[in-house]
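Below is one structure, written out as structure tokens, with a few remarks after it.
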Amino acid sequence: MLEPEYPNPIPNRIQPPPPPITVDDEPEFEIAEILDSKINNRCRTCNLLYLVCWEGYKGTDKETSWILTSELGHASELVADFHSAYSVKPGPLSSLN
């Protein structure tokens with residue numbers, strides 16, 4: 001079960017990022033929010049990418065990253081919320097129906 005993030009009690013101390021959670025016996029990091037999507041024409045197999053904000057990484061150099069659609073396995077609700085808010089952004093073909 002996930003626990004809420006608490007503010008850092010010691011000033012000027014950098015807290016380590018949270019460890020991954022286990023889903024279907026595989027480690028996964030929690031996505032806080034999807035910020036953007038784009039088509040990557042250099043990738044042949046999967047060219048839809050999402051810019052995600054990782055939970056617990058705020059203020060670090062790993063706070064956001066572009067990931068493949070195939071890596072969003074358990075974030076379908078976040079994907080749906082993103083495309084509801086930004087319908088003109090690139091998305092999976094199923095969202096165009």
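Structural remarks
- Residue that is nearest to Gly91 (Cα to Cα) [pool: residues in region 47-62 that are open to solvent by 30 Å² or more (accessible area, probe 1.4 Å) and free of Cβ contacts under 8 Å to residues at least 40 places away in the same chain]: Asn47
- Test for Ser70: is it touching a Cys at 6+ places or on another chain (Cβ under 7 Å), open to solvent by 40 Å² or more (accessible area, probe 1.4 Å) and either modelled with pLDDT of 90 or more or in a helix (DSSP H, G or I) (or both): yes
- The residues on offer are Ser37, Ser84, Ser76, Ser65, and the sole one that is crowded, with 17+ Cβ neighbours inside 10 Å and modelled with pLDDT of 85 or more is Ser37.
- For beta carbons closer than 6 Å, sequence separation of 6+ or different chains, a first residue in region 12-28 that is open to solvent by 60 Å² or more (accessible area, probe 1.4 Å) and a second that is at pLDDT below 70 and in a loop (DSSP other than H, G, I, E, B), the qualifying pairs are Gln15/Asn8; Pro27/Pro20.
The values are calculated or read from the model by the stated rules, or taken from the named source; none is laboratory data. As the structure is a prediction and not an experimental result, all values here were calculated from the model. Here the Cβ is made from the backbone with ideal geometry for all residues, glycine too, and neighbour counts use every protein chain on show. Calculation scope for accessible area: heavy atoms of the full protein, side chains included, ligands and nucleic acids excluded. Shrake-Rupley method; radii C 1.70, N 1.55, O 1.52, S 1.80 Å.
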